[in-house]
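Undergrad: For reference, the structure I am asking about is given below.
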Amino acid sequence: MLQNKDIEPVLPEDLAILLAAYRLKTANQAANDNKMVNIPKTRRTYCKGKACKKHTPHKVTQYKKGKDSLAAQGKRRYDRKQSGYGGQTKPVFHKKAKTTKKVVLRLECTVCKYKMQLSLKRCKHFELGGEKKTKGAALTF
């Protein structure tokens, strides 16, 4: 059993330091989220295909979710339950926490057409094959 003398009190200055560190951390995360990510359209990387097994040029595209199938068992069950009178039958999720999604790149080997996926960190702005920014370049209008 703990007694009162065993517990160390948290001093106000310690609390201020912890709070400042937390604010700095969250500010850094926000700064990372707002950065523009620019990826080139071709990338030379390792290919795991049976024909290659070496570094080859890959074509880079952004992964996009396919259209949902109407024939999937869950969709058929949901449509059957929704039909008729009675309103919404399943819960609709509203407590969305994230403001960004992770970007997924689809890499296709130009030699053997082997495809693989590569996920990036979260970002609000993503660009594929945009112009590279150069440091110290003069502004042009």
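What follows is calculated from the coordinates using simple rules that are stated; it is not laboratory data. What you see is a predicted model, and the numbers here were worked out from it, not measured in a lab. When we count neighbours, we look across all protein chains shown, and the Cβ atoms used for this are built from the backbone with ideal geometry, even at glycine.
Undergrad: Give me the one-decimal nm value for the distance between modelled label points at Lys96 and Val111, 7 Å along each residue's Cα-to-Cβ direction.
TA: Those two pseudo-labels are separated by 4.3 nm.
Undergrad: Find the relative contact order for the range 60-120 and round it to a whole percent, using C-alpha pairs within less than 8 Å whose residues are 6+ positions apart.
TA: Numbers: 45 pairs, mean separation 22.9, N = 61.
This gives 38 percent for the range 60-120.
Undergrad: For the range 50-141, which GluC sites (Glu not before Pro) are in a loop by DSSP, counting at most 11 other Cβ atoms within 10 Å?
TA: On the way: sites: Glu108, Glu127, Glu131; in loops: Glu131.
For GluC sites (Glu not before Pro) across the range 50-141 that sit outside H, G, I, E and B with at most 11 neighbouring Cβ atoms in 10 Å, the list reads Glu131.
Undergrad: Calculate, for Ser69 and Lys35, the FRET efficiency according to 1/(1 + (r/R0)^6) with r their C-beta to C-beta distance and R0 30 Å; round to the nearest 0.05.
TA: Working: r = 36 Å, r/R0 = 1.21.
It comes out at approximately 0.25.
Undergrad: Another question, if that's okay. According to a simple spin-label model (label point 7 Å from Cα along Cα-to-Cβ), what is the distance in nm between Leu15 and Ser83?
TA: Calculated label separation equals 6.1 nm.
Undergrad: Run the numbers for Val104 and Arg44: contour at 0.36 nm per residue of separation, minus the present Cα-Cα distance, in nm. Could you put the intermediate results ahead of the total?
TA: Values: separation 60, 0.36 × 60 = 21.60 nm, distance 1.71 nm.
Separation in residues times 0.36 nm, less the Cα-Cα distance, equals 19.9 nm.
Undergrad: Answer rounded, prolate or oblate for the range 93-141, using the Cα gyration tensor with square roots of eigenvalues a ≥ b ≥ c: rounded when a/c is under 1.5, else prolate when a/b is larger than b/c, else oblate.
TA: Details: a/c = 3.70, a/b = 1.12, b/c = 3.30.
Since a/c reaches 1.5 but b/c is at least a/b, the shape of the range 93-141 is classed as oblate.
Undergrad: A further question on this structure: Assuming R0 = 35 Å, what is the FRET efficiency of Phe126 and Arg76, from their Cβ-Cβ distance, to the nearest 0.05? List each step's numbers first, then the result.
TA: Working: r = 35 Å, r/R0 = 0.99.
My answer for the efficiency is 0.50.
Undergrad: How far, in nm, would the chain grow between Lys54 and Tyr22 when pulled straight, counting 0.36 nm per residue and subtracting the alpha carbon separation?
TA: Working: separation 32, 0.36 × 32 = 11.52 nm, distance 4.41 nm.
Going from the current span to full extension adds 7.1 nm.
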